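Have a look at the structure that comes next, please.
The values are calculated or read from the model by the stated rules, or taken from the named source; none is laboratory data. Since this is a predicted model, take the numbers as computed values, not measurements. When we count neighbours, we look across all protein chains shown, and the Cβ atoms used for this are built from the backbone with ideal geometry, even at glycine.
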Amino acid sequence: RLSVMRNSALIMFAGGVQALLAGWLFGERVNWPAVTPVSWTALAALILLGAIVAYTCYFWLLMNTRTAVAVSYEYVNPVIGVFLGWLMAGEQVDRVVILACCAVVGSVFFVVSGGRRG
């Protein structure tokens, strides 16, 4: 029987192989000299933070908290993306976007702060 982490690693590996195969089949090619050190650093950060650290924290949450708490990041991530886009890229954020973000954060708050039922 595989552990949850090992199973996730196998799924991520299989997804990577499928992505490489699809890229090759559709004629995608890599221009290695055009890949900058900043790109390599960003890739390393995504692998370390986005895969290893995030999955470890996610599985810890699944084992130690309610499922609603563990999956709440999925709803908050787009709000963080909107904020970072505004902060770092100067993207426009209007009242509708702000209201939508407030609705998401408020909903997550109610789900996360609610007790167990039944």
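Tell me, please, whether a residue that is over 30 Å from Gly114 (Cα atoms) and in the same structural domain as Gly114 (by TED's automatic domain parsing) can be found in segment 46-54.
No, every residue in segment 46-54 fails to be over 30 Å from Gly114 (Cα atoms) and in the same structural domain as Gly114 (by TED's automatic domain parsing).
While we're looking at this one, here's another question. For Thr36, indicate whether it is within 30 Å of Val4 (Cα to Cα), loosely packed, with under 11 Cβ neighbours inside 10 Å and not hydrophobic (A, V, I, L, M, F, W, C).
Judged against the criteria, Thr36 is not a match.
Still on this structure, please answer the following. Quick one: is Ala42 loosely packed, with under 11 Cβ neighbours inside 10 Å and at pLDDT 85 or above?
No; evaluated as a whole, the condition is false for this residue.
Which of the residues that make up segment 1-31 are loosely packed, with under 11 Cβ neighbours inside 10 Å and of a type in the set (Gly, Ala, Ser)?
Listed by number, the residues that qualify are Ser3, Ala14, Gly15, Gly16, Ala22, Gly27.
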